[in-house]
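What follows draws every value from the coordinates through simple rules; no lab data is involved. Predicted, not measured: the structure shown is a model, and the values here were computed from it. Methodologically, a virtual Cβ is constructed for each residue, glycine included, from the backbone with ideal geometry; neighbour enumeration extends over all protein chains shown.
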Amino acid sequence: MQNAPAPSRASLSFSLSLGLLNIPVAGYTATEDIKIKREQYLADGTKVGSAPCVKNADGTYGDKVERDDIVKRFQTESGLVELTDDEIDSVINAVGGVAEILAVLDYAFLDNGDYVPNGKVWQIRAAKLGSGRQAKPNPGGERAFALLLAALEAEESFALIRFSRSGTVYLGALLPTGRLVGLYHDDEVREERALPRPEVSEDEVALARTLLQAVKQADRYDVVNDSVAKVTAYAEAKAAGTVTEAPVQVDNTAAAVDLFATLKASVEAAQAAKVSA
């Protein structure tokens, strides 16, 4: 497996908070973006931004243009050259509209982190015959797709597939549920930095496990991104004049000094909270 070089600088930092424990950590970029980067132009050489509008030299946007009038150009050492999606598909041996099953693999390859999700997720279902109002159910396609998913489930496996879309090649894991999880290619994943492994005693590990067991849940933990709702409510209150100061942020950056004592206190607090609940 050919990975990208390991990152040299941390890109984020925060403190992991569990009970009374606060563990400062640093995060390093684990992937890198590898794309065939093209820019949009009109036939006369006028540059077009990401939106179908003329992009001015100062970065502002001007007149709107028709998407059919936009051409995509690729920067080479000899200058810009027009490069279409079909040309890219042809060069990389990908057939537009066709997803190739590269392999069928055991779940363990996903569980062990051999393949890294890239954040893109699709729901896949059998397509209808035709399009728009003329579209009709496709019983044959539905049966064939259902058979594929049933076989994947029986084998406790997923299908590793590759497809091209708008000049970009995607890698994905098709699960028996019909969910397609986007994956990074091997060379988009950076090598891992060496992880320090200080010596810890068996008693410390046992106490840490007790803490995890005290806060462990048997049911799914629902995760909802309520940041927009919270910020909107705060902004509305600020606009109405009912709040004048920003909320005070809790400082959780301090590292634990006596690890064993902090673990013990955290276990006691977690157990008491569970009994109370």
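Here are a few things to note about the model shown:
- Modelled FRET efficiency - R0 35 Å, ALA43 with VAL91, Cβ distances, 0.05 increments: 0.95
- Taking one quarter of the surface of the C-alpha convex hull of the range 92-184 gives a mean projected area of 6.8 nm².
- Highest mean packing comes first when the peptides 226-239, 117-130 are listed by Cβ atoms within 10 Å, giving 117-130, 226-239.
- Relative to the current alpha-carbon distance between ARG179 and PHE145, full extension at 0.36 nm per residue lengthens the span by 11.0 nm.
- When each of the peptides 133-139, 262-268, 21-27, 152-158 is scored by the mean number of other C-beta atoms lying within 10 Å of its residues, the order from highest to lowest reads 262-268, 152-158, 21-27, 133-139.
- Helix content alone sets the calculated 222 nm mean residue ellipticity of the chain: runs of n ≥ 4 DSSP H residues at -39500 (n - 2.57) each, divided across all residues, give -8000 deg cm²/dmol.
- Mean separation of Cα contacts under 8 Å (6+ apart) over length of the range 102-176, as relative contact order %: 33
- Virtual spin-label span in nm between ARG125 and ARG197, 7 Å along Cα→Cβ: 4.8
- Annotation for LEU12 and ASP187: the two label points, set 7 Å from Cα along the Cα-Cβ direction, are 2.7 nm apart.
- Inter-label distance, ARG73 to ASN22: 5.4 nm, where each label sits 7 Å from its Cα along the C-beta direction.
- Modelled FRET efficiency - R0 51 Å, THR168 with THR210, Cβ distances, 0.05 increments: 0.60
- Using alpha-carbon coordinates, inclination of helix 227-240 to the longest axis of the chain, degrees: 80
- The packing ranking, built from the mean of other Cβ atoms within 10 Å per residue, places the peptides 196-203, 53-60, 183-190 in the order 183-190, 53-60, 196-203, highest first.
- For a straight C-alpha distance cut-off of 29 angstrom, the lysines reachable from LYS238 (same-chain residues fewer than eight places away being disregarded) are LYS230.
- Cα gyration tensor category, rounded, prolate or oblate, for the chain with a/c compared to 1.5: prolate
- Rounded to the nearest 0.05, the FRET efficiency derived from the C-beta distance between VAL81 and ASN3 at R0 = 25 Å is 0.25.
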